[in-house]
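Report on the following structure.
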Amino acid sequence: MIFVTIGSLFPFDRMVQLADELAPSMPDETWFAQIGDGKYQPVNIPFARMLPRPEFVNKIDEASVIVAHAGMGSVITAMEKGKPIVLLPRVLEWGEHTTDHQMATARWLADRPGIFVCMDSADFAGTIAAARASGSNGETMQRTAPEPFIARIRDFIGSV
């Protein structure tokens, strides 16, 4: 299943519409989208405006690929679960966010395993195809810092 999530703050109709238009060309794939308060409603993809946290986590667990804006919450969640993620950053100029920080975030993350960045809507289908072909990246990220790092911080604090 490809799980599309726009995050929790702003609508992202461009991404929802791209996914909705792509879905029919992939009849072997199931889709689900969390679309927020946007104006565009998918006709080819089942969706919910917002999902309660347990349902959101279930969709992440079921997903073979996550498609999201370039928000760190989505990236961290995908990394924790070892799921490939396609990032389509929001663009300030198009009224999708209040700054272009997602463009910078996407560029910064572009070479990381399991992260597939789509900087141009025309590359959306190809970027999703690459993420699907990668399968699970197998790499996961812990929710907390590694214990040796925490120990070093404790030692430092204890010495001050």
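Looking only at the range 56-65, decide whether some residue is of a type outside the set (Val, Ile, Thr), touching a Leu at 6+ places or on another chain (Cβ under 9 Å) and modelled with pLDDT of 90 or more. There is at least one residue in the range 56-65 that is of a type outside the set (Val, Ile, Thr), touching a Leu at 6+ places or on another chain (Cβ under 9 Å) and modelled with pLDDT of 90 or more. Regarding ALA106, is this residue assigned to a helix (DSSP H, G or I), crowded, with 19+ Cβ neighbours inside 10 Å and modelled with pLDDT under 85? Here the answer is yes, as ALA106 does meet what is asked.
Taking the conditions (1) in contact with a strand residue (DSSP E or B) (Cβ under 8 Å, 6 or more places away or on another chain); (2) at pLDDT 90 or above; (3) not aliphatic (A, V, I, L, M) in turn, GLY126 satisfies each one other than (1).
The values are calculated or read from the model by the stated rules, or taken from the named source; none is laboratory data. For clarity, every value in this text was computed on a predicted model and none was experimentally measured. Positions of Cβ are generated from backbone atoms using ideal geometry, with glycine treated the same way; all protein chains shown enter the neighbour counts.
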